[in-house]
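Asker: The structure follows.
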Amino acid sequence: MSGPNSPSSTRASTVAAVRRREVLVRGVVQGVGFRPFVYTLATGLGLAGHVANTSQGVLVEVEGAETAVALFCARIADQAPPLAVVESVDHRELAPAGGSGFAILASSGGGPSATLIAPDVATCADCLAELADPADPRHRHPFISCVNCGPRFSIVTGLPYDRSHTTMARFPMCPRCAHEYADPADRRFHAQPVACPDCGPRLRLLSAQPGCTPTELDPGDPIAAARGLLADGAILAVKGLGGYHLACDAADPAAVARLRRRKNRGDKPFALMARDLDDIERLAVLGDAERVLLTGPVRPIVLLRRRAGARDQPEAVAPGSPDLGFVLPYTPLHHLLLGLPGDPPGPRLLVMTSGNRSGEPIVTDDAEALERLASLADAWLSHDRPIQVPCDDSVVRVCDGEQLTLRRSRGYAPLPVALPLPVRPALAVGGDLKNAFCLGRDRHAWLSAHIGDMDDLDTQHAFERAERHLESVTGVRPALLAADRHPGYRSGQWAQRNRDGRPLVRVQHHHAHIASAMAEHGLTGSRPVIGVAFDGTGYGDDGAVWGGEVLLADYDGYQRFARLGYAPLPGGDAAVRRPYRMALAHLYAAGIPWTADLPCVQSCPTEEMRLLATQLERDLNCVPTSSAGRLFDAVSSLAGVCHLAGYEAQAAIELEAAALRAGPDHGPGYAFALGSAPPGGPDQALVADPAPVLAAVVADLRAGASPELIAARFHRAVAELVCRCCVLAAERHGLDTAVLTGGVFGNALLSSACATALTRDGLTVLRHRRVPPNDGGLALGQLMVAARTAASAD
């Protein structure tokens with residue numbers, strides 16, 4: 001019998017309705033609960049098959065009814081776990097293989113890595129509830145985590161992301177954890193850091209006198225003992241996710257002062273870890289965007305404006321700064337250290353600063369912590385889970401309602417930046433300050449976590465270790481290198497030593513800054529932008545120290561449209577550390593006498609002033625500079641705000657703080673003289689001469705104006721100069737987009753004033769959000785410029 005309703009016809013249609021499909025999901029899909037999600041989705045739709053982690057991503061095969069397979073493929077991206085970032089889903093039809101049930105297979109490697117590792121994630125609400133529940137097996141367990149939270153990047157040793165490729169491999173799971181790990185219905189199903197009090201890691205509180213063997217304090221309850229030490233004024237070295245911190249009671253001025261002395265920190269602000277938002281809001285102004293950042297899964301340090309008139313301001317924590325940097329607890333250990341509901345009283349606000357000696361990288365190794373932090377800490381709250389990848393805390397602020405990242409590290413690294421153009425496999429080594437390097441391939445750029453300042457040998461070694469590790473987990477094998485043009489940069493010297501026959505492209509510092517912002521905003525470079533690059537130091541094409549630049553730029557090149565007028569930089573770093581030297585140098589360049597009534601003159605020792613005058617007159621060790629950062633230093637000292645800088649940008653930060661205190665009515669402002677460059681010079685850029693501004697500051701001082709009023713008028717003058725230059729560039733060259741970049745634009749007051757004025761004049765304004773405007777974002781721009789340079793040479 002035959003026909004449409006015959007048995008053979010029915011069997012054929014049934015077979016035809018069964019489909020088997022291979023699905024490859026790329027993105028941040030390992031370590032975020034993606035395989036458990038796939039398992040639940042597939043079994044819920046009655047599909048057979050399997051899922052596995054591979055070096056390419058998550059690979060799935062599903063078989064079943066055609067409609068169910070189609071639904072699976074539609075939902076796999078739309079309903080992905082909250083921590084996942086699905087970048088692509090590729091399908092391939094396979095011949096039905098039969099079988100029943102759905103399995104999670106062992107991971108497979110092989111081939112170049114194309115998956116993305118998740119960053120470390122703050123403790124989730126479910127785990128916090130268990131942490132505080134006396135009936136839960138993980139009550140007060142300092143390492144509680146699940147598929148939705150806990151360490152990720154900092155413990156990864158290789159790919160695919162499985163427990164065997166993490167530093168948790170040394171901790172065999174107990175029967176209870178193993179059961180949860182294997183149960184698809186459990187929140188810890190294939191959660192690689194899973195652990196409990198029965199199977200580790202273990203917490204220890206150690207104390208040691210100099211030269212003595214460390215001894216363990218109170219092994220029964222190290223947390224309670226640590227809280228007691230903090231309450232008594234001790235300084236603790238606390239092992240966190242990405243390294244050690246140094247902690248003390250922020251409400252104890254003596255403890256804060258002791259930590260500052262031991263760390264040789266000068267007046268540099270400390271970060272604060274608060275128990276909850278209420279404790280923060282008493283001291284600082286909180287907006288909606290700040291609340292989201294503070295309570296989200298990343299938990300960066302968020303810079304907040306001090307609350308005027310707040311009682312109990314911790315002045316010793318951040319003297320002279322307009323901001324306080326706050327972070328909420330992001331590990332179970334932090335929550336326990338600050339105290340759970342019902343715990344005995346203890347410090348509610350802790351200084352939490354990087355565990356390192358001045359200039360060195362953050363300490364991650366336990367033996368090194370006992371040695372390197374011995375002169376800083378009174379005790380060590382440590383554990384035996386190794387840290388594979390150092391990760392300092394990220395630092396952000398909110399400017400005009402948008403996130404501005406100042407240090408991109410824990411919680412963000414190693415999430416890639418999507419590139420507007422494909423690049424060949426490349427390594428950009430960044431700069432020497434705030435170093436972060438960048439690996440790129442195709443349309444992805446992986447910025448490293450914050451490395452630090454490269455003038456320290458240990459930091460250079462940390463750079464090498466981090467570069468090898470990031471290569472291993474991204475699979476990028478650089479065929480091209482990029483570095484800054486400065487011949488003395490250690491990052492560039494490393495690139496030269498390690499090029500191994502590969503091309504090395506040297507990228508001008510401020511061009512890289514502008515290209516970084518362009519790449520972050522997805523610009524293809526089809527049209528130039530007006531790039532305003534204001535910072536402290538950058539090697540210029542003419543051998544001068546640049547830093548007050550307006551460039552017309554794309555990825556292929558740049559033209560210097562305008563700059564600040566040159567002033568001598570007497571003694572290099574000496575002028576940076578002593579802003580009064582920069583003030584005197586600017587006055588000298590402007591032809592303004594050094595009279596005894598000026599604060600910068602009063603601050604300079606007599607003998608030093610005599611030698612400085614000779615140095616300037618004879619042009620000895622006086623490299624010319626157009627640096628906006630150095631001009632901020634000069635005005636800060638000239639106005640009587642800051643004469644000695646104990647940390648980078650201190651004079652500028654305190655000048656911003658003074659401007660914020662001035663109030664809304666600033667009266668008449670200052671103005672730069674904008675004119676053509678001297679004929680016969682190396683470029684024909686417009687020159688913004690600061691001499692009229694300096695003269696006006698001196699006149700205001702002699703008229704009795706306050707430092708706050710002078711600071712506010714100076715900020716307005718700089719913003720108006722930026723606007724004038726950009727409008728002129730737009731009119732003369734038919735451009736419509738302005739980019740604000742460089743470390744000076746970490747100043748929220750200036751950034752906001754510039755953006756407001758430029759927008760009012762009809763320009764599109766691009767500012768950094770996810771990538772730092774300072775040298776921490778430099779490598780991304782180097783990568784883009786070098787890739788375009790190499791492509792043009794092919």
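The values are calculated or read from the model by the stated rules, or taken from the named source; none is laboratory data. Note that this is a predicted model, so its numbers are computed, not measured. So basically every Cβ, Gly included, is an ideal-geometry build from the backbone, and we count neighbours across all protein chains shown. With ligands, DNA and RNA removed, areas are computed over all heavy atoms of the protein, side chains included. Shrake-Rupley method; radii C 1.70, N 1.55, O 1.52, S 1.80 Å.
Asker: Work out how much length A574 to A97 would gain on full extension: take 0.36 nm times their residue separation and subtract the Cα-Cα distance, in nm to one decimal. Each step should come with its number before you reach the end.
Answerer: Numbers: separation 477, 0.36 × 477 = 171.72 nm, distance 7.41 nm.
So the chain would gain 164.3 nm between A574 and A97.
Asker: Counting only heavy atoms of the protein chains, get the accessible area per residue of the stretch 470-592 (1.4 Å probe) and round it to a whole Å² value. Please report the intermediate quantities before stating the final value.
Answerer: Values: 3810 Å² over 123 residues.
Per residue, the stretch 470-592 has an accessible area of 31 Å².
Asker: Viscosity 1.002 mPa s, temperature 20 °C: Stokes-Einstein D of the stretch 581-629 from its Kirkwood Cα radius, in µm² per second?
Answerer: Numbers: Rh = 11.4 Å.
Once the numbers are plugged in, D ends up at 188 µm²/s.
Asker: Considering only protein heavy atoms, what per residue accessible area in square angstrom results for the stretch 179-338 with a 1.4 angstrom probe? Could the numbers behind the result be given before it?
Answerer: Working: 6150 Å² over 160 residues.
On a per-residue basis, 38 Å².
Asker: What is the log10 of I(q)/I(0) for the stretch 143-217, computed with the Debye formula using one identical point scatterer on each Cα and no solvent, at q = 0.19, 0.20, 0.26 Å⁻¹?
Answerer: Those come out to -0.78, -0.84, -1.21, one per q.
Asker: How big, in percent, is the set of alpha carbon pairs in the stretch 502-648 lying more than 24 Å apart? Please report the intermediate quantities before stating the final value.
Answerer: Values: 4177 of 10731 pairs.
So the portion of pairs separated by more than 24 Å is 39 percent.
Asker: Here's something else I'd like to know. What is the ratio of the Cα radius of gyration of the stretch 383-504 to 2.2 N^0.38 Å, where N is its residue count, to two decimals? Present the calculation step by step, with values, prior to reporting the outcome.
Answerer: Values: Rg = 14.8 Å, N = 122, 2.2 N^0.38 = 13.7 Å.
So the stretch 383-504 has a normalised radius of gyration of 1.09.
Asker: Starting from the eigenvalues of the Cα gyration tensor, five times each then square-rooted, give me the equivalent ellipsoid semi-axes of the stretch 536-580, largest first, whole Å.
Answerer: Values: eigenvalues 124, 21, 15 Å².
So the equivalent ellipsoid measures 25, 10, 9 Å along its semi-axes.
Asker: Turning to a different aspect of this structure: For the chain, give the magnitude of the charge dipole about the Cα centre (Cβ charges: +1 Lys/Arg, -1 Asp/Glu; no others), in debye to the nearest 20.
Answerer: Details: 76 positive and 85 negative charges, 160 e Å.
Roughly 780 debye for the chain.
Asker: Debye calculation, C-alpha points only, no solvent: report log10 I(q)/I(0) for the stretch 242-315 at q = 0.24 Å⁻¹, in the same order as the q values.
Answerer: For the stretch 242-315, the Cα-only Debye profile gives -1.26.
Asker: Moving on to the next point. So how far, in whole Å, is the C-alpha centre of the stretch 246-286 from the one of the stretch 550-622?
Answerer: That distance is 34 Å.
Asker: In square angstrom, rounded to the nearest 10, how much accessible surface does L45 have for a 1.4 Å probe?
Answerer: About 40 Å², rounded to the nearest 10.
Asker: If you average 1/r across every pair of different Cα atoms in the stretch 568-685 and take the reciprocal, what Kirkwood value do you get, in Å? Numbers along the way, then the final one.
Answerer: Numbers: mean 1/r = 0.0655 Å⁻¹.
Roughly 15.3 Å, rounded to one decimal.
Asker: Something else now. Just to confirm my numbers, what's the Cα centroid distance between the stretch 647-661 and the stretch 740-794 in Å?
Answerer: Using only Cα atoms to place each centre, the spacing works out to 22 Å.
Asker: Would you kindly compute the Cα radius of gyration of the stretch 250-395 and its largest Cα-Cα separation (Dmax), both in Å?
Answerer: Gyration radius and largest Cα-Cα distance of the stretch 250-395: 15.4, 45 Å.
Asker: If you roll a 1.4 Å probe over the stretch 384-520 with all protein chains in place, what percent of the accessible area is carbon or sulfur?
Answerer: On the way: 2070 of 4360 Å².
Reported share for carbon and sulfur atoms: 48 percent.
Asker: While we're here: Could you put D541, D232, D392 in order of accessible surface area, largest first, with the 1.4 Å probe and the full protein assembly present? Intermediate values should be presented prior to the final figure.
Answerer: On the way: D541 90, D232 135, D392 10 Å².
These residues rank, largest area first, as D232, D541, D392.
Asker: Right, another one. Where does each of Y244, Y588, Y181 land when they are ordered by accessible area, with a 1.4 Å probe and the largest first?
Answerer: Values: Y244 0, Y588 95, Y181 40 Å².
I get Y588, Y181, Y244, largest accessible area first.
Asker: On the accessible surface of the stretch 154-303, probed at 1.4 Å, how many percent belong to carbon and sulfur atoms? Present the calculation step by step, with values, prior to reporting the outcome.
Answerer: Values: 3170 of 5990 Å².
Exposed carbon and sulfur together represent 53 percent of the surface.
Asker: At 222 nm, what value in deg cm²/dmol follows for the chain if DSSP H runs of at least 4 each add -39500 (n - 2.57) and the sum is divided by all its residues, to the nearest 500? Before the final figure, lay out the partial values.
Answerer: Details: 24 runs with 260 residues, N = 794.
Mean residue ellipticity at 222 nm (helix-derived): -10000 deg cm²/dmol.
Asker: Explain nothing, just the number: dipole magnitude of the stretch 477-559 about its Cα centre with +1 on each Lys and Arg Cβ and -1 on each Asp and Glu Cβ, in debye rounded to the nearest 20.
Answerer: Values: 8 positive and 9 negative charges, 97 e Å.
Using only the charged Cβ atoms, the result is roughly 460 debye.
Asker: Run the Debye formula on the Cα coordinates of the stretch 682-794, all scatterers equal and no solvent, and tell me log10 I(q)/I(0) at q = 0.13, 0.17 1/Å.
Answerer: With no solvent term, the Cα-only Debye profile gives -0.68, -1.03.
Asker: Could you list the square roots of 5 times each eigenvalue of the Cα gyration tensor of the stretch 13-114, that is, the equivalent ellipsoid semi-axes, sorted largest first and rounded to whole Å? Before the final figure, lay out the partial values.
Answerer: Values: eigenvalues 98, 41, 29 Å².
Computed over the stretch 13-114, the values are 22, 14, 12 Å.
Asker: If you don't mind, another one. Could you order E656, E66, E708 so the one with the most accessible surface comes first? Probe is 1.4 Å. Can you show the working numbers first?
Answerer: On the way: E656 10, E66 95, E708 50 Å².
The residues order as E66, E708, E656, largest area first.
Asker: Measuring from the lowest to the highest alpha carbon on each principal axis, how far does the chain reach, largest first, in angstroms?
Answerer: 109, 67, 51
Asker: Okay, moving on. Over every pair of different alpha-carbon atoms in the stretch 140-182, take the mean of 1/r and invert it; report that Kirkwood radius in Å.
Answerer: 11.4
Asker: Using the Kirkwood radius built from alpha carbon pairs, what does the Stokes-Einstein equation give as D for the stretch 656-706 at 25 °C and 0.890 mPa s, in µm² per second? Let's see the in-between values first.
Answerer: Working: Rh = 13.3 Å.
Diffusion coefficient, whole number: 184 µm²/s.
Asker: Between the stretch 222-236 and the stretch 705-728, how many Å separate their Cα centres?
Answerer: 48
Asker: While we're looking at this one, here's another question. Using alpha-carbon pairs under 8 Å, 6+ residues apart, how would you state the relative contact order of the chain in percent? Mind showing how you got there, number by number?
Answerer: Working: 1814 pairs, mean separation 87.7, N = 794.
In percent, rounded to a whole number, it is 11.
Asker: Over the stretch 126-280, consider all pairs of different Cα atoms and compute the Kirkwood hydrodynamic radius from their mean reciprocal separation; express it in Å, one decimal.
Answerer: Details: mean 1/r = 0.0553 Å⁻¹.
Computed over the stretch 126-280, the radius equals 18.1 Å.
Asker: Let me ask you something else. Rounded to the nearest 10 Å², what accessible area does M352 have for a 1.4 Å probe in the complete protein model?
Answerer: 10
Asker: Sticking with this structure for a sec: Using a 1.4 Å probe and ignoring any ligands, DNA or RNA, find the accessible area of R408 and quote it in Å² to the nearest 10.
Answerer: Probe radius 1.4 Å; accessible area of R408 about 20 Å².
Asker: Another question, then. Quick check: convex hull over the Cα atoms of the stretch 36-176, volume per residue in Å³, rounded to an integer?
Answerer: Values: hull volume 20.8 nm³, N = 141.
So the per-residue Cα hull volume is 148 Å³.
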